[in-house]
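First the structure, in the form of structure tokens, and then the observations on it.
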Amino acid sequence: MNIKGIIFDLDGVIVFTDKFHYLAWKAVSDELGIYFDEKINNRLRGVSRMDSLNIILENGAREYSEDEKHQIAEKKNEIYKGYLSQMTPSDVSDEVRKTLIELKRRGYLLAIGSSSKNTKYILERVALSDFFDAISDGTNIKKSKPDPEVFLKAAEFINLPACECAVVEDAFAGIDAAKSADMTAVAIGDATSCKKADIVIGSFSGLLKYFH
Ligand code: BG6
Ligand code: MG
């Protein structure tokens, strides 16, 4: 492995906003009378807002127009942002913060690769806006994970070829995206059962064992 850059997914890796996504989608689904649970929520990891809504609507009793879908997605995002506005720097664990600082000290370029359009707001809430060398997010991509675009853009932003980048992901879609990008895929959390991962870590500081 000749890794020089590490690209981190945000939701479920750096911060546990995945629980806020769940609560916001749950509120919207309940109002629509559509069944939604944690298992369905796991399918939404790494997937864009609209693609997530389309997965949820698979359990709906009828078709929804594009206009209705936009309204529902907007409502979900308002509820979600309500949770985000309560976040503080303490929402990044000491383990994550110390590990990120140590990886930077070891000379790695560090980037964010997230499908979320709320990425910059979240990083601001947790006081990490200026920490990363680059941010690739839902605002600079056309296709969300499992498409590799978000990670290829992150590699471009830190001026590294894909083969010198590792990706840290909690989503199956994110591991697929990393492998399609020809990057080393590190699985954490929900993605640890994904067979395609190159490295599996039990917790964030596990990265220090693999990246010297
Ligand atoms: C990803 C999450 O990081 O961002 C997905 O894992 C989410 O669950 C996606 O749907 C889009 O997020 P946002 O904030 O743009 O709605
Ligand atoms: Mg994630």
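The values are calculated or read from the model by the stated rules, or taken from the named source; none is laboratory data. Since the model is a prediction, treat every value here as computed from it, not as a measurement. We place every Cβ from the backbone using ideal geometry, glycine too, and count neighbours over all the protein chains shown. The accessibility values were calculated without ligands, DNA or RNA, using every heavy atom of the protein model including side chains. Shrake-Rupley method; radii C 1.70, N 1.55, O 1.52, S 1.80 Å.
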Which listed residue is at pLDDT below 95 and within 13 Å of ligand 1 (Cβ to nearest atom), from ASN118, ASN54, ASN42, ASN77 | ASN42
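Only one residue in ASP182, ASP198 is on the phi > 0 side of the Ramachandran plot and surrounded by fewer than 17 Cβ atoms within 10 Å (Cβ to Cβ). Which one? Talk me through it step by step, then tell me what you get.
Working: ASP198 fails: on the phi > 0 side of the Ramachandran plot.
Residue meeting the stated conditions: ASP182.
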Could you tell me which numbered condition ALA177 fails, if it satisfies all but one of (1) in contact with a strand residue (DSSP E or B) (Cβ under 8 Å, 6 or more places away or on another chain); (2) exposed (fewer than 15 other Cβ atoms within 10 Å of the Cβ); (3) in contact (Cβ under 8 Å) with a residue 60 or more places away in the chain?
-> (2)
Would you pick out the residues in segment 142-159 that are open to solvent by less than 30 Å² (accessible area, probe 1.4 Å), farther than 17 Å from GLY12 by Cβ and assigned to a loop (DSSP other than H, G, I, E, B)?
-> PRO148, ILE158
Search result, residues across segment 88-119 that are over 14 Å from GLY5 (Cα atoms) and within 16 Å of ligand 2 (Cβ to nearest atom) | ASP91, VAL92, SER93, VAL96, SER114, SER115, SER116, LYS117, ASN118, THR119
Could you count how many residues in segment 1-21 are surrounded by 19 or more Cβ atoms within 10 Å (Cβ to Cβ) and within 16 Å of ligand 2 (Cβ to nearest atom)?
-> 14
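Residues checked against (1) open to solvent by less than 60 Å² (accessible area, probe 1.4 Å); (2) of a type in the set (Lys, Arg); (3) farther than 24 Å from LYS179 by Cβ:
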site: LEU23; (1), (2), (3): no, no, yes
site: ALA27; (1), (2), (3): yes, no, yes
site: ASP30; (1), (2), (3): no, no, yes
site: ILE34; (1), (2), (3): yes, no, yes
site: GLU38; (1), (2), (3): no, no, yes
site: LEU53; (1), (2), (3): yes, no, yes
site: LEU103; (1), (2), (3): yes, no, no
site: GLY107; (1), (2), (3): yes, no, yes
site: GLY113; (1), (2), (3): yes, no, no
